[in-house]
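Enquirer: Structure below; questions to follow.
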Amino acid sequence: MEANNIDSAQSHLQYQREDSLFTPMGECSAEDLARLFREKGLRMTQQRAEIFQEVVRSRSHPGAEKIFEKVKRIMPSISLDTVYRTLTTLEELGLVRRLNHPRGGARFDSMGPGHHHFICLECGEIVDCFLNEAEEGILGSLSRDIGSVKSIHVEIRGLCSQCSHKVPITAHNGQNH
């Protein structure tokens, strides 16, 4: 294990996977994260740990450029290309989710405790939303009819409360007023 790369990582990183490495509260130790990388034949570097931590810490569902700005404060030599490549790797490992922003580009979210997303079609705000047990049950029963479902993610698109009071839905988002 690359101890010098792991030492700088936060002792607990938060997100949820259906994997024995992670607690029900969605926590993963830096060592467990490094082990997951190793199992996939990848090195756990300080840069990868910092990028992952920034996604986990952020509640704003940042894009790659915003993550780059934050991580660059800690690691001035990091490149935007490294951030993009790392986000792709983290997504492939199931550690982060890519959200398609209505204004183009991607935003990222940790796979934290089971939640879904509301995306405002006017201002682009992305808000975490949690379904109750009945709603989750409906999704579960639908998925049983489909086949073997590995995960469920609901993306609700519409107008946030601020935008719905001031702006009619525009033609560019494919909705009628």
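Enquirer: Taking amide H atoms as placed 1.01 Å from N in the peptide plane, list the residues 5 or more away in sequence, or in a different chain, whose amide H sits under 5 Å from that of L99.
Expert: Counting only residues 5 or more places away or on other chains, the set is R107, F108, D109.
Enquirer: Can you put S77, S143 in order, fewest other beta carbons within 10 Å first?
Expert: Final ranking by Cβ density, sparse to dense: S77, S143.
Enquirer: While we're here: Return the sequence-ordered ³J(HN,Hα) values of region 57-68 in whole Hz as given by the Karplus equation 6.51 cos²θ - 1.76 cosθ + 1.60 applied to θ = phi - 60°, using x for Gly and Pro.
Expert: For region 57-68, the Karplus-derived couplings read 5, 6, 9, 9, 6, x, x, 4, 5, 5, 4, 4 Hz, x marking Gly and Pro.
The numbers here are math on the coordinates, done by the rules we state, and not lab data. These numbers come from a predicted model, not from an experiment. Please note: Cβ atoms are built from the backbone with ideal geometry, for glycine as well, and neighbour counts cover all protein chains shown.
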